[in-house]
Amino acid sequence: MKIAISSQDGKKDAPISPQFGRCSYFVFVDTETQAWGAQENPAAAESGGAGTKVVQFLAAQQVDAAITGRYGPMAFTALQEAGIEGYEAEGGTPEELYEKFLAGELKKATSPSATGRHHH
């Protein structure tokens, strides 16, 4: 299983980013190989639709689950459509949240937890 955790700087021992679609980086961890990595979020500077675009990026990385502070409506819907499980975290580092994930201590997102930023 591959997990993506929103991050401000891509480090596994630094605080996560509470934002999903506009976080600066994602820290990735593979539960089978214990391999860690980080990549810049290509949707961070988008003028609109960042949540949907970031889910497309994560799907291309073959991510099974995402951990962040909150999900906007578009991102939440896109996650559901992509078959990626979303989990919510109040804070912590990717290392801490990975341990909580493995222990079953993270809350699974069942609805959007933030308002979207796009305008009609």
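Quick notes
- Fraction of the pair-distance distribution of the chain above 17 Å, Cα-Cα pairs, percent: 48
- Potential lengthening between E96 and A35 on full extension [0.36 nm per residue; Cα-Cα distance subtracted]: 20.4 nm
- Taking all protein chains into account, the per residue accessible area for the chain stands at 53 Å² (1.4 Å probe).
- Q19 long-range amide H proximity, modeled H, under 5 Å: G69
- Sparse-neighbourhood loop sites, GluC sites (Glu not before Pro) in the range 35-120 - DSSP loop, at most 16 other Cβ within 10 angstrom: E90, E105
- Percentage relative contact order, the range 1-80, counting C-alpha pairs under 8 Å, at least six apart: 34
- By definition, a body whose alpha carbon gyration tensor gives a ≥ b ≥ c is oblate when a/c is 1.5 or more and a/b is not larger than b/c, and the range 5-59 fits this oblate description.
- Here the Karplus curve 6.51 cos²θ - 1.76 cosθ + 1.60, taken at θ = phi - 60°, turns the phi angles of the range 52-57 into couplings of 5, 5, 5, 5, 4, 4 Hz, with x standing for Gly and Pro.
- Distance in nm between pseudo-label sites at D13 and S111 (7 Å out along the Cβ direction from Cα): 4.0
- Portion, in percent, of the accessible area of the chain that falls on carbon or sulfur, probe 1.4 Å: 46
- Residue of G21, G104, G48 that the Gaussian network model of the chain assigns the largest fluctuation, springs spanning Cα pairs under 10 Å: G104
- Distant-in-sequence amide contacts of N41, defined by a placed amide H-H separation under 5 Å and a gap of 5 or more residues or a different chain, comprise Y25, F26.
- Dividing the helix sum by the residues of the chain, where each DSSP H run of 4 or more adds -39500 (n - 2.57), gives a mean residue ellipticity at 222 nm of -7500 deg cm²/dmol.
The values are calculated or read from the model by the stated rules, or taken from the named source; none is laboratory data. Keep in mind that this is a model prediction, so the values were computed, not measured. Positions of Cβ are generated from backbone atoms using ideal geometry, with glycine treated the same way; all protein chains shown enter the neighbour counts. With ligands, DNA and RNA removed, areas are computed over all heavy atoms of the protein, side chains included. Shrake-Rupley method; radii C 1.70, N 1.55, O 1.52, S 1.80 Å.
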